[in-house]
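See below for the structure under consideration.
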Amino acid sequence: MKSTVEQLSPTRVRINVEVPFDELKPNFDRAYRKLASQVRIPGFRPGKAPARVIESRIGRAPVLDEVVNEAIPAKYMEAVNAGEVRALGQPDIEVTKLEDGDHLAFTAEVDVRPDITVPAFGEFKVSVDDLELTDAQVDEQLDELRARFGTLTGADRPVEDGDFLSVDLSATVDGQEVEDAKTSGLSYQVGSGELIDGIDDALLGAQVGETKTFTTALVAGEFAGQDAEVSVTVQSVKVRELPEPDDEFAQLASEFDTIEDLRADLRERLTRVRKMQQGVQARDKVLDALLEIVEVPLPDKVVEAEVSSRQHDAVHPFDHSEEQFNAYLATEDRTREEFDAEVRAEAEKSVKTQLILDAIAESEQVSVSDAELTERIIYQAQRFGISPDEYVQRAQQSGQLGAIFADVRRGKALASVVRQAEVTDESGNAVDLSELFGADEPAEATAVAEVTEAAPVEAGSDARDEETAAR
């Protein structure tokens, strides 16, 4: 086989492939066996007719079609590997010559990962928030813990912010009842923002048994984007009473004997959270710096595929109804043109991020061990509430194990850059992030995943592939 590579642009190549028929003999053998099993020829058992009889029966053309369709994908991959082509996405293939008995020639145009010059990471300087922790913040955490052990008691008064209610809901659009919005005995905490817009204002001051009405725009379902008249009836009002923050509560809610020890533990936990937030800030700012200074020509078809995937994901909750989705956008004072522009900008950023981190992974010789891949699989399985074995099985079925591997590698590449950057807090103190990103190499892939999980790369196609693998 002969192959050459033409550079059409920094992000696209044309591969020219010529295959002599001698190399296609195994393909012909398989083609004859397949066709023999499909064609019924008198005097021969299924699958036993010789090649010359098959050709006399169906002609040469179906044989050649079968051979070409089977041979091209394998020969294309062989040419990609021989030419060290860093292909992205699916190729556009065209058969340019098929001379029976002589050779097969075809071209394959495909997007490729462009050459990217990575900067000196030690020159990066980023600032993160100070590691501030006040007594009020500890008190807030303690109050949240007390709320878990609180009790609900009835209140004989009008509804106030924070109350726990049992309500009945119904809605109409132009006099037509909205079945999806009808419910009774629904539990709701006033001020939580977990229901539709406008309900909190309507409920405040209402008495038990009183019905309030208000108008709001529906965001999903058959009437998405349309104004609905909503009726809410208060069935009961309850308040949550919290236990006293004393030693008895500490023994009830934790392994500690005193409230002072419990508060000290909460402070330590909050400190770890603040350090994690510093790590996330450092990661985001380093990544923003990379995106700003590194020039990356974007492969058009890869970007278009990312745009299409994001648009599909956005319309999916609306039963793929463009009309309903556009109506929903109108409720947010956004036009479809504005949405499409935002999607394209996000897609370009995502593709650029992935390409940069892939280039860094190569320059830093980042590798992914079996243990790190396993840790990520366990981490993702826990996120989606399934067993690691089930997650792997789904990933294999959807062909997404490679995407998981790539995501771990990119996370490690980003961690490598953060480790080399100069990170200080707003007060000018050096910030030690080795606990999160490791001194030289991250100690655990899971630790890196927790800090890199929200990176913009996670918004890209590979990250959605991980989610797809879990479904």
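Enumerate the lysines that Lys238 could reach by cross-link, defined here as Cα to Cα under 22 Å, with residues fewer than 8 away along the same chain left out.
Straight-distance partners of Lys238: Lys212.
List the lysines whose Cα lies under 24 Å from the Cα of Lys349, skipping any in the same chain that are fewer than 8 positions away.
Reachable lysines: Lys125, Lys285, Lys301, Lys412.
Evaluate E = 1/(1 + (r/R0)^6) for Ala61 and His316, where r is the Cβ-Cβ distance and R0 equals 35 Å; express this FRET efficiency to the nearest 0.05.
It comes out at approximately 0.25.
Once you put a point 7 Å from the Cα of Leu152 and another 7 Å from the Cα of Asp333, both along the Cβ direction, what distance in nm separates them?
That separation, rounded to one decimal, is 3.6 nm.
For region 2-112, what percent of Cα pairs sit more than 23 Å apart? Please list the in-between numbers first.
Numbers: 2339 of 6105 pairs.
Here the tail beyond 23 Å accounts for 38 percent of pairs.
Pop the C-beta distance of Thr96 and Phe405 into the FRET formula with R0 = 45 Å and round what comes out to the nearest 0.05.
My answer for the efficiency is 0.80.
If the reach is capped at under 26 angstrom between alpha carbons, list the lysines near Lys48, excluding any in the same chain fewer than eight residues apart.
Once the sequence-local lysines are set aside, what remains near Lys48 is Lys25, Lys34.
Determine the distance separating the Cα centre of region 57-133 from the Cα centre of region 311-347; give it in Å without decimals.
Region 57-133 and region 311-347 have Cα centres spaced 32 Å from each other.
For the chain, build the charge dipole from Cβ charges (+1 Lys, Arg; -1 Asp, Glu) around the Cα centre, then report which of Tyr188, Pro46, Ser321 sits farthest towards its positive end.
Positive-most Cα among the choices belongs to Pro46.
For region 262-277, take each phi angle, set θ = phi - 60°, evaluate the Karplus expression 6.51 cos²θ - 1.76 cosθ + 1.60, and give the result in whole Hz per residue in order, putting x for glycine and proline.
These are the phi-based 3J(HN,Hα) values: 5, 5, 5, 5, 4, 5, 5, 5, 5, 4, 5, 4, 5, 5, 4, 5 Hz.
Counting other Cβ atoms within 10 Å, keep those with at most 16, restrict to DSSP loop, and tell me which GluC sites (Glu not before Pro) in region 1-86 are left.
For GluC sites (Glu not before Pro) across region 1-86 that sit outside H, G, I, E and B with at most 16 neighbouring Cβ atoms in 10 Å, the list reads Glu84.
Using a Förster radius of 22 Å, what is the FRET efficiency between Glu18 and Glu109 based on their Cβ-Cβ separation? Nearest 0.05, please. Kindly include the intermediate steps, with their values, before the conclusion.
Details: r = 16 Å, r/R0 = 0.74.
After rounding, the FRET efficiency stands at 0.85.
Determine the shape class of region 326-443: with a ≥ b ≥ c the square roots of the Cα gyration tensor eigenvalues, call it rounded for a/c under 1.5, and otherwise prolate if a/b is greater than b/c, oblate otherwise.
oblate
Please list the non-local residues whose amide H lies under 5 Å from the amide H of Leu8, H modeled 1.01 Å from N, same-chain partners needing a gap of 5 or more.
Amide H neighbours of Leu8, under 5 Å, 5+ apart: Val13, Arg14.
With an 8 Å Cα cut-off and a minimum separation of 6 or more residues, compute the relative contact order for the chain in percent.
Contact order relative to length: 15 percent.
Where does each of Leu145, Leu98, Leu104 land when they are ranked from fewest to most other beta-carbon atoms within 10 angstrom? Write out the running numbers ahead of the final one.
Values: Leu145 18, Leu98 15, Leu104 25.
Ordered from fewest to most neighbouring Cβ atoms within 10 Å, Leu145, Leu98, Leu104 come out as Leu98, Leu145, Leu104.
Kirkwood Rh, the chain, all Cα pairs: how many Å?
28.2 Å
Among Tyr76, Pro62, Gly428, whose Cα sits farthest toward the positive end of the charge dipole of the chain (+1 at Cβ of Lys/Arg, -1 at Cβ of Asp/Glu, about the Cα centre)?
Pro62
Å³ per residue of the Cα convex hull, for region 124-247?
With only Cα atoms used, region 124-247 gives 176 Å³ per residue.
Read-outs: derived from the displayed coordinates by stated rules, not from any lab. This structure is a prediction, so every number in the text was calculated from the model and none was measured. Methodologically, a virtual Cβ is constructed for each residue, glycine included, from the backbone with ideal geometry; neighbour enumeration extends over all protein chains shown.
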